[in-house]
1. Specify which of the listed residues (589, 679, 644) is closer than 28 Å to residue 323 by Cα, out of contact with any strand residue (DSSP E or B) (no Cβ under 6 Å at 6 or more places or on another chain) and crowded, with 16+ Cβ neighbours inside 10 Å.
2. Please determine whether any residue of segment 518-534 is in a helix (DSSP H, G or I) and either touching a strand residue (DSSP E or B) at 6+ places or on another chain (Cβ under 6 Å) or farther than 23 Å from residue 445 by Cβ (or both).
3. Out of all the residues in segment 460-496, which are under 22 Å from residue 438 (Cβ atoms) and either under 25 Å from the mean Cα position of the chain (by Cα) or in a loop (DSSP other than H, G, I, E, B) (or both)?
4. If only one of 4, 115 is at pLDDT below 75 and part of a loop (DSSP other than H, G, I, E, B), which one is it?
5. Look at segment 362-382 and say how many of its residues are buried (at least 24 other Cβ atoms within 10 Å of the Cβ), closer than 28 Å to residue 597 by Cβ and either free of Cβ contacts under 8 Å to residues at least 60 places away in the same chain or in contact with a strand residue (DSSP E or B) (Cβ under 8 Å, 6 or more places away or on another chain) (or both).
6. Pick from 385, 442, 401, 405: which is in contact with a helix residue (DSSP H, G or I) (Cβ under 7 Å, 6 or more places away or on another chain), surrounded by 17 or more Cβ atoms within 10 Å (Cβ to Cβ) and free of Cβ contacts under 8 Å to residues at least 40 places away in the same chain?
7. Any idea which of 85, 36, 45, 26 is surrounded by 13 or more Cβ atoms within 10 Å (Cβ to Cβ), assigned to a helix (DSSP H, G or I) and either under 60 Å from the mean Cα position of the chain (by Cα) or modelled with pLDDT of 75 or more (or both)?
8. How many residues are within 36 Å of the chain's Cα centre (by Cα), farther than 23 Å from residue 421 by Cβ and in a loop (DSSP other than H, G, I, E, B) when one looks only at segment 345-394?
């Protein structure tokens, strides 16, 4: 047993202790050589070597124990020093077992979490965001950002394998053992994050401020007061930007360039861009209040990229009708304001310019493909028919893409089916449309500017030349790289826009009566029989269509309702719930209805006739999808509500869709959205 327990020295220490013995062996070899030269000298050296070996062996065995004792003592003291250093280390440090329970901590760790005792608990009790099993499931190291009372930290976890210890242990079997400890470090990054945040707050943001109705407001003001109106507006804008330490430079009579810090943009966002409402208070006799649009870009990699973001933002703000602010970053686009009705432009210059541009595009192509949105409505089809007439008047082949003919559109579509005055392939479905695009074809998208809800999104990729005509407010998702984009949110309908274009596209364009009926129907349906969102230009477009042969009586007969649909609409109105005294919420049953979403939209319109109702919402379940139809008259912007829920539309007409939820869950989501917007003052 003693032989087994004897300590054996190896390595450099063994070589060091036995060097003198190895030297003795060399002396023995030397002694043999001396014996050959002289016997007496050899004997004398032999005696010396004998004494040398005796002395070395004595010192070796005597000092070996001393050296070993000193080494053990040093190692023990060194371990204590290491432990003390680790305990006093300025870096918060802890050891965890493989289940995440704390087994040892140093002083700094205890100070940071303000606890000295009772730390033998899972680390997740101290930091709920740390799940050891999940973080270290497939990796040896992990890091998590933490916020403590004492500052901002990054926690790093690292596995320490105990397999080697098990292999050298007499009490643990190494077979199948994969135990480990976890080293837990806390790195204080408070100063770094403050510096990074401060640097980020000082980064440049570019903004643009446009006066939406500058010319119209001046026209309603006495000539002697116009300069004062302009001066007051300029003062409002400059004072607003100066208050957040920004720079404002007037580029044109109705346009401003703004330079801001990112921190200042946050302040403006928190105050919901007060300038939008403040500028409306300028009144020196002008009958029309001035509104502004604000576009801001920030977070780009370069100043020029922020400028491009700002340009995109202001385009979105104007495309959505003005009187709102849009902030664009690489990650998202945020909208503010947009509560007022858009102002109709009196001038038709833009319509004439767009008409000439459209004519140039169509005449340069061989064929025209016209497409609206999914489940085409009357306005979408009416606008498509108007563009079909434009293409035919320019001697170009034209096709209208409709995949599913709803009950609302069917009476109009039937006017052209089997009609000898029109080609058999005038109306095509999606599969037929995908075979039409050529290198010399133009795709015209009407009544929609969201690629995902077009009748055939694949056509957008197949056609190099794209034209967009729409009257809906633009959202985050838009059709990109359009050759021509004509989006006017103040227009009552796309049919109205196409009717105006028809008057400028070419001399002598003859619109046939059936075509005039379709466009007139589009205007009539989208304005709810000329009761909502109608302007002077709306009636002028209707008058033009009447001159082209549109028959009001014929149109009315086309849109008489089926008895079952009329009952479903009446039932939805009768079952409506009045929420928060101002909002009507109801459900339209879809059983037995061919186009229940149309009936739901009509029911939403009917609910607005109830006194005190500011907005109405009708939910319809159809083919596994819940459709929301939102309507208002003028007090509530339903577009903002529907955008919060992932949809969009107009200020008075909007909607959204959900899949995978029930009607009850949909109503609950709507109420939560209304409650939140009322709480934040957005309604």
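The values are calculated or read from the model by the stated rules, or taken from the named source; none is laboratory data. Since the model is a prediction, treat every value here as computed from it, not as a measurement. Methodologically, a virtual Cβ is constructed for each residue, glycine included, from the backbone with ideal geometry; neighbour enumeration extends over all protein chains shown.
1. On the way: 589 fails: closer than 28 Å to residue 323 by Cα; 679 fails: crowded, with 16+ Cβ neighbours inside 10 Å.
Going through 589, 679, 644 in turn, the sole match is 644.
2. No: segment 518-534 contains no residue that is in a helix (DSSP H, G or I) and either touching a strand residue (DSSP E or B) at 6+ places or on another chain (Cβ under 6 Å) or farther than 23 Å from residue 445 by Cβ (or both).
3. Matches in segment 460-496: 460, 461, 463, 464, 468, 479, 480, 481, 482, 483.
4. Working: 4 fails: part of a loop (DSSP other than H, G, I, E, B).
Testing whether each residue is at pLDDT below 75 and part of a loop (DSSP other than H, G, I, E, B) leaves just 115.
5. Residues in segment 362-382 being buried (at least 24 other Cβ atoms within 10 Å of the Cβ), closer than 28 Å to residue 597 by Cβ and either free of Cβ contacts under 8 Å to residues at least 60 places away in the same chain or in contact with a strand residue (DSSP E or B) (Cβ under 8 Å, 6 or more places away or on another chain) (or both): 6 in total.
6. Of 385, 442, 401, 405, the one residue that is in contact with a helix residue (DSSP H, G or I) (Cβ under 7 Å, 6 or more places away or on another chain), surrounded by 17 or more Cβ atoms within 10 Å (Cβ to Cβ) and free of Cβ contacts under 8 Å to residues at least 40 places away in the same chain is 405.
7. 45
8. Within segment 345-394, residues that are within 36 Å of the chain's Cα centre (by Cα), farther than 23 Å from residue 421 by Cβ and in a loop (DSSP other than H, G, I, E, B) number 4.
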